[in-house]
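> Here you go, one structure.
The values are calculated or read from the model by the stated rules, or taken from the named source; none is laboratory data. All values reported here derive from a predicted model rather than from experimental measurement. Here the Cβ positions follow ideal geometry from the backbone for every residue, glycine too, while neighbour counts run over all protein chains shown.
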Number of protein chains: 2
Amino acid sequence: MDILIKNISTLIQDADHILNDKDILIEDNKIKKIGNILPEDLPSHCKIIEGDRKVVMPGLINAHTHLYQSMLRGCRDDLTLTPWCEKVIFPFIDIVYKDCKKYNAAIGYYWSMLSSIEMIHNGITCCIDMDLNVGGIPKAWQDIGMRGITAFTIANRWVPKEFCHDNNILKEEIEQYIKEWQQDYSDEGLVQVFLAPSTLFCCTPELMEWVVEKTEEYNLGLQIHISETKWENQDALKEFGTTPLEFLEKINLLRRPISAAHCIYLTDKEIDIAARRGVILVYNPKSNMKLSDGIAPIAKMLKKGVTVALGTDGPASNDQLDMFEEMRMGSLLQKVFSEEPGVLSASEIFKMATENGAKAARINAGTIEEGKLADLIILNLNKAHSAPVNKVIQNIVYCGKNTNVETVMINGKVIMEDGKILTVDEEGLTRESIKQGEEILKRIDFNKP
Amino acid sequence: MDILIKNISTLIQDADHILNDKDILIEDNKIKKIGNILPEDLPSHCKIIEGDRKVVMPGLINAHTHLYQSMLRGCRDDLTLTPWCEKVIFPFIDIVYKDCKKYNAAIGYYWSMLSSIEMIHNGITCCIDMDLNVGGIPKAWQDIGMRGITAFTIANRWVPKEFCHDNNILKEEIEQYIKEWQQDYSDEGLVQVFLAPSTLFCCTPELMEWVVEKTEEYNLGLQIHISETKWENQDALKEFGTTPLEFLEKINLLRRPISAAHCIYLTDKEIDIAARRGVILVYNPKSNMKLSDGIAPIAKMLKKGVTVALGTDGPASNDQLDMFEEMRMGSLLQKVFSEEPGVLSASEIFKMATENGAKAARINAGTIEEGKLADLIILNLNKAHSAPVNKVIQNIVYCGKNTNVETVMINGKVIMEDGKILTVDEEGLTRESIKQGEEILKRIDFNKP
């Protein structure tokens, strides 16, 4: 059914273009027309959504996350990356992989569903999810109607041996996964496959080269963690004589479009490489704060013309999937870090969370324009915590909350209306997902020193 | 009417004491009994609140704010403290004071109401509000049933001349205000008066001395901004030869219980003074980030045994009144700043936002114990964004949101139930407050370079 969003008081097309009192016509999964649409120009059977005193904006795009960690929120708040992997992440993965027969698709489905319910309430219409390879994850997105990039996580070293498949088996699994899920996307579906070599230190250069070849063969995106810690840089210097991103450039792996998460310790030379080669960097401020990784030099990246997107990272190091909060924390952190309040304005971080996120996800969305995918959200800012509205983008960035999000539209379909998800039984699925998570968690001791 | 909270799955008495499956009996405005209460021991006419699968915790206490700034959220995000005062704060104050006849009590009532609606939804049961002295503010708290400390803001220099009354008139106004409102508190009411010399550079030492004498005469609390910027320290060094807190100690103004907001640039000697003299410091992380003031050395303060509370500061530099978010940002900021993830744990910041806040506010609350004021909140953490619950205080600190807060009880009265405020028409008052704010804002140009 076609949809008309009628008489929108404030239409944020992108961070720099705001219109007032307009209509938006949605046909199939795309934005057909923006303007003042006469009743006689409406298709028959058109659903009408009233936009008076509301704000319409592009859906938020979470450009880097690990949805399985929704099961692991609140476990530890005192560990740096490596011990945190050892004490929080690996024990969970171990159980999930060992119990594969029992959980397999089911558990992936539930953590993906739990996370998607959270994200939709927070106005997130698309995520790039580097996840455990257990199946079921994209199925949840199809059921709830969320757009997702399922980034197949690849590692053949550093992680515990029992998680590393033989290279040939791993390669076969990857190809199978691509064939199973990329089909949905080519069919204008919600799900797209990326390949995600976890880090340079988790993948041998030979495997990295094979992965890049596969992204060429199937025209896939690629996401990787880069320079999340100082240790990672030291390790790459020891093994390769250069820091990670520079090494990837050197061996010509940047010939494909890639997005790189974290990038806290990029050298100036690497920031130049990112600008020149169109590498999209993904800023994950809250996670970087919690693990005390460090503070990415975002101001410098922007000055050099790098495209920066924004992500929550996984909820075990955040512990939320909330891009409103991520926007404001990302902005505030840069202001205090640089001792310059003008750094990373609301508009700049808004662009990262929408337009640049769409670039990272390689989707035709992130702004509200004719011909773009109809992935958008309708906000009511007339709430005690977010009004009076002085400058709409500042109010959204510094005050926006789940309770402002009334309507969520993804791929031209209304997924949430009046704060209620329409596509699935959200209460029942939340309850069941929590129960499934609790059963695994009982088996892990998170108190080890 | 007496109230029984029955069969609470998780009862957080304080950061270190968590009980399971207990009942709480509330009589008048206090917690009468915690335990397993038999039906025959219940008073007649007892309201029963079901606690199964819920978490009860002390209400959050916002230990430093300026509620009038709820009208000014989202105005600027590119200014340090002094130009921000000149371009955002002073133009607003100027209109409010000039139009006193027109707005007077009304406008103060509305910004206080708007803020209180926001705070109650965020589980805040008490705030210390350094506000404009226009009247109407505590009346809003009485109407909605919120506990508040109305800290009369005092300045006789640095601020624009037209805001400075003649010292004698000012002193008369202060005494009048004390007499009008402190009466409510002595009567076990919701409202308590503090005196709040804005800063040392805003008040002559003579006025400071007079203020401290008045707090002795009427037994009032005192709150002041201390060392929010480097400039403030330099200014005090120039005028007095010492930094601000050390100067207050030197002239014996710390003889009374005081709380000091910000304290970013305290010297080691001043941290020792705070510990020795029982000065309560109030940490305001988000505001300090937005104005790029700097990062308070909280870890060092805690190590030296200082009592630290937590505040949002005003919503023009935050831009929210959300203590869940303030807790997690306060914690995460310290972790990344100190490069040590164990710094400022969830339990420590939880204590700041509850128990230590009560000390700053000088109220018999902040923990759930028999004999304490019944200021508490009931959370449902079984939501997609906050479950599974691994460690309850970590889940509250890192995932807590307004949508977790179901019930708010203040002074033994249920103020909010199932997320709806019972005491006032919140929708109508929100609408009217926003309208009142918009009318003033129209008259200010927030785009000045």
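> Scan region A:18-45 for residues that are touching a helix residue (DSSP H, G or I) at 6+ places or on another chain (Cβ under 9 Å) and of a type outside the set (A, V, I, L, M, F, W, C) and report the count.
1
> If you don't mind, another one. Based on what the data block shows, is A:ASN356 away from chain B (no Cβ under 14 Å), without any contact (Cβ under 8 Å) to a residue 40 or more places away in the chain and not β-branched (Val, Ile, Thr)? Walk me through how you get there before you give the answer.
On the way: away from chain B (no Cβ under 14 Å): yes; without any contact (Cβ under 8 Å) to a residue 40 or more places away in the chain: no; not β-branched (Val, Ile, Thr): yes.
The answer is no for A:ASN356.
> Since B:ALA365 meets every condition but one in (1) without any contact (Cβ under 8 Å) to a residue 40 or more places away in the chain; (2) under 22 Å from B:VAL392 (Cα atoms), which condition does it not meet?
Result: B:ALA365 passes all but (1).
> With the requirement that a residue be among the acidic types (Asp, Glu) and surrounded by fewer than 22 Cβ atoms within 10 Å (Cβ to Cβ), what does region B:74-88 give you? Quick ask: steps written out before the conclusion?
First, the residues of region B:74-88 that are among the acidic types (Asp, Glu): B:77-78, B:86.
Residues satisfying the conditions are B:ASP78, B:GLU86.
> Which ones in region A:35-63 are in contact with an Asp or Glu (Cβ under 6 Å, 6 or more places away or on another chain) and surrounded by 20 or more Cβ atoms within 10 Å (Cβ to Cβ)?
A:GLY59 - this is the single residue of region A:35-63 that is in contact with an Asp or Glu (Cβ under 6 Å, 6 or more places away or on another chain) and surrounded by 20 or more Cβ atoms within 10 Å (Cβ to Cβ).
> For B:ILE368, are the conditions met, namely being closer than 27 Å to B:ALA299 by Cα and in contact with a Pro (Cβ under 9 Å, 6 or more places away or on another chain)?
yes
> Cβ-Cβ distance below 7 Å, separation of 6 or more or different chains: which pairs start in region B:157-178 with a residue that is under 18 Å from B:GLN192 (Cα atoms) and end on one that is aromatic (Phe, Trp, Tyr)?
Hits for this filter: B:ILE174/B:PHE152; B:TYR177/B:PHE152; B:ILE178/B:TYR218.
> For residues that are touching a strand residue (DSSP E or B) at 6+ places or on another chain (Cβ under 9 Å) and more than 25 Å from A:CYS127 (Cβ to Cβ), scanning just region A:266-283, find the one that is surrounded by the fewest Cβ atoms within 10 Å (Cβ to Cβ).
A:ILE271
> Can you tell me which residue among B:LYS286, B:LYS300 is facing chain A (nearest Cβ under 10 Å), part of a helix (DSSP H, G or I) and either buried (at least 24 other Cβ atoms within 10 Å of the Cβ) or in contact with a helix residue (DSSP H, G or I) (Cβ under 7 Å, 6 or more places away or on another chain) (or both)? Steps first, please.
On the way: B:LYS300 fails: facing chain A (nearest Cβ under 10 Å).
Exactly one residue qualifies, and that residue is B:LYS286.
> Tell me which residues, restricted to region A:1-22, are out of contact with any Asp or Glu (no Cβ under 9 Å at 6 or more places or on another chain), within 18 Å of A:ALA346 (Cβ to Cβ) and assigned to a loop (DSSP other than H, G, I, E, B).
Hit for region A:1-22 is A:ASP16, nothing else.
> OK, next. Within region B:72-85, identify whether any single residue is under 20 Å from B:ALA261 (Cβ atoms), β-branched (Val, Ile, Thr) and more than 15 Å from the chain's Cα centre (by Cα), and answer yes or no.
Within region B:72-85 (the criterion being under 20 Å from B:ALA261 (Cβ atoms), β-branched (Val, Ile, Thr) and more than 15 Å from the chain's Cα centre (by Cα)), the answer is yes, since at least one residue qualifies.
> When you check B:GLY366 against the structure, is it surrounded by fewer than 20 Cβ atoms within 10 Å (Cβ to Cβ) and either assigned to a helix (DSSP H, G or I) or at pLDDT 95 or above (or both), yes or no? Explain how you work it out, then say what you get.
Details: surrounded by fewer than 20 Cβ atoms within 10 Å (Cβ to Cβ): no; either assigned to a helix (DSSP H, G or I) or at pLDDT 95 or above (or both): yes.
Against the criterion (surrounded by fewer than 20 Cβ atoms within 10 Å (Cβ to Cβ) and either assigned to a helix (DSSP H, G or I) or at pLDDT 95 or above (or both)), B:GLY366 does not qualify.
> Filter region B:64-101 for residues that are more than 14 Å from chain A (Cβ to nearest Cβ), in contact with an Asp or Glu (Cβ under 8 Å, 6 or more places away or on another chain) and of a type in the set (Phe, Trp, Tyr) and give the result.
B:TYR97, the sole residue that qualifies.
Let's see how each residue does on (1) over 14 Å from B:MET289 (Cβ atoms); (2) free of Cβ contacts under 8 Å to residues at least 12 places away in the same chain; (3) out of contact with any helix residue (DSSP H, G or I) (no Cβ under 8 Å at 6 or more places or on another chain):
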site	(1), (2), (3)
A:ARG256	yes, no, no
A:ALA261	yes, no, yes
A:ASP322	yes, no, no
A:PRO341	no, yes, no
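> How many residues, within region B:398-414, are surrounded by 24 or more Cβ atoms within 10 Å (Cβ to Cβ) and within 8 Å of chain A (Cβ to nearest Cβ)?
3
> Among the residues that make up region A:420-439, is at least one of them touching a strand residue (DSSP E or B) at 6+ places or on another chain (Cβ under 6 Å) and more than 11 Å from chain B (Cβ to nearest Cβ)? First the steps, then the outcome.
Filtering region A:420-439 for residues touching a strand residue (DSSP E or B) at 6+ places or on another chain (Cβ under 6 Å) gives A:423.
Next, from what is left, pick out any that are more than 11 Å from chain B (Cβ to nearest Cβ): A:423.
Within region A:420-439, one or more residues are touching a strand residue (DSSP E or B) at 6+ places or on another chain (Cβ under 6 Å) and more than 11 Å from chain B (Cβ to nearest Cβ).
> Another question about this same structure. Collect the residues in region A:110-136 that are away from chain B (no Cβ under 14 Å) and more than 14 Å from the chain's Cα centre (by Cα), keeping them in residue-number order.
A:LEU132, A:ASN133, A:VAL134, A:GLY135, A:GLY136
> If I filter region A:376-393 for residues that are of a type in the set (S, T, N, Q), assigned to a loop (DSSP other than H, G, I, E, B) and more than 8 Å from every other protein chain (Cβ to nearest Cβ), do I get at least one hit?
Of region A:376-393, the ones of a type in the set (S, T, N, Q) are A:380, A:382, A:386, A:390.
Restricting the remaining residues to those that are assigned to a loop (DSSP other than H, G, I, E, B) gives A:380, A:382, A:386, A:390.
After this cut, where a residue has to be more than 8 Å from every other protein chain (Cβ to nearest Cβ) as well, the list is A:380.
For region A:376-393, residues of a type in the set (S, T, N, Q), assigned to a loop (DSSP other than H, G, I, E, B) and more than 8 Å from every other protein chain (Cβ to nearest Cβ): present.
> Does A:PHE324 satisfy the criteria of being aromatic (Phe, Trp, Tyr) and touching a Lys or Arg at 6+ places or on another chain (Cβ under 9 Å)?
On the way: aromatic (Phe, Trp, Tyr): yes; touching a Lys or Arg at 6+ places or on another chain (Cβ under 9 Å): yes.
Yes, satisfied.
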